Amino acid sequence: MGKIIKFALIGIIAMVTYKHFNTKEQIDGQNWIQYQFDSDNVTVKFPDKPKVENISVENLEIEMVRLRRENVEYGISVLRGESILHAQSGPASLIKKGAELISSNNIYVMDYLGDEYHLSYEGRNVTQRFIHLDDSLVSQIVFFEDDDIPKESAQLFLGSLKVL
């Protein structure tokens, strides 16, 4: 019986240690991986290697990059095509699915004007950004729970977006 308790205690210590270092990595972002899009000078950092998908829809080329880690989902897409120049951006697709718009405001990423939306969707917080580049549209989104660590991680992801 004493050996079982010893192994359980060692297991608990290992889990707490892992959780501590994993949380530190999420907050400071030192070990995050930088991703650069294929045809645009756009970079963003992820806490781990993201999944990349290239899609063509009619005259649109879409490069989607996303990652789900613990209870946080990170996603960014660059949309290119002739119709992007006249496209309206906004969280309409999430709102149609039942998301509630909490607030919106204009933002600048480098020298590019964009819109940032804060929503509530299925009990989670969502921040979605749309940044208009010269001939592309960047859509950046993060879903997170309402505790402090994912909020920090979400802000780190959003703040890592750069246009070179």
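The values are calculated or read from the model by the stated rules, or taken from the named source; none is laboratory data. A quick note: this is a predicted structure, and the numbers were derived from the prediction, not measured. Here Cβ is always computed from backbone atoms with ideal geometry, including for glycine, and neighbour counts include all displayed protein chains. When the accessible area is computed, the model is the full protein with side chains, heavy atoms only, and any ligands, DNA or RNA have been set aside. Shrake-Rupley method; radii C 1.70, N 1.55, O 1.52, S 1.80 Å.
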Of the residues Glu70, Glu116, which single one is modelled with pLDDT of 90 or more, charged (D, E, K, R) and within 27 Å of Lys151 (Cβ to Cβ)? Glu116
How do the pairs read when you match residues in region 46-66 that are within 11 Å of Tyr35 (Cβ to Cβ) with residues anywhere that are open to solvent by 30 Å² or more (accessible area, probe 1.4 Å) and aromatic (Phe, Trp, Tyr), using Cβ under 9 Å and keeping only pairs 6 or more apart or on different chains? Phe46/Tyr35; Lys49/Tyr35; Pro50/Tyr35; Val52/Tyr35; Val65/Tyr35
Of (1) part of a strand (DSSP E or B); (2) within 17 Å of the chain's Cα centre (by Cα), Asn54 fails just (2)
From the set of residues in region 95-114 that are among the hydrophobic types (A, V, I, L, M, F, W, C) and outside any strand (DSSP E or B), which is least open to solvent (accessible area, probe 1.4 Å)? Ala99
Region 125-142, subset open to solvent by 20 Å² or more (accessible area, probe 1.4 Å) and among the hydrophobic types (A, V, I, L, M, F, W, C), residue modelled with the highest pLDDT: Ile141
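May I ask you to list the residues in region 27-84 that are aromatic (Phe, Trp, Tyr) and within 19 Å of Glu152 (Cα to Cα)?
The first filter runs over region 27-84 and keeps only residues aromatic (Phe, Trp, Tyr), leaving 32, 35, 37, 46, 74.
Result: Trp32, Phe46, Tyr74.
Is it the case that Tyr74 is under 23 Å from Gln30 (Cβ atoms) and surrounded by 15 or more Cβ atoms within 10 Å (Cβ to Cβ)?
Numbers: under 23 Å from Gln30 (Cβ atoms): yes; surrounded by 15 or more Cβ atoms within 10 Å (Cβ to Cβ): yes.
When the stated conditions are applied, Tyr74 passes them.
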Look at Glu145 and say whether it is surrounded by 11 or more Cβ atoms within 10 Å (Cβ to Cβ), charged (D, E, K, R) and either out of contact with any Cys (no Cβ under 8 Å at 6 or more places or on another chain) or more than 26 Å from Gln30 (Cβ to Cβ) (or both). yes
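Give the number of residues within region 118-164 that are without any contact (Cβ under 8 Å) to a residue 60 or more places away in the chain, in a strand (DSSP E or B) and in contact with a Leu (Cβ under 9 Å, 6 or more places away or on another chain). Talk me through it step by step, then tell me what you get.
Restricting attention to region 118-164, the residues satisfying the condition of being without any contact (Cβ under 8 Å) to a residue 60 or more places away in the chain are 118-132, 134-135, 137, 146-148, 151, 155, 158-159.
Next cut, in a strand (DSSP E or B) only: 118-121, 124-132, 137.
Still in the running and in contact with a Leu (Cβ under 9 Å, 6 or more places away or on another chain): 118-121, 125-132, 137.
Qualifying residue count, region 118-164: 13.
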Output the qualifying pairs, or none if there are none: Cβ atoms under 8 angstrom, residues six or more apart or on different chains, first residue in region 77-88 and assigned to a helix (DSSP H, G or I) and of a type in the set (Gly, Ala, Ser), second residue surrounded by 11 or more Cβ atoms within 10 Å (Cβ to Cβ) and modelled with pLDDT of 70 or more. Ser83/Leu60
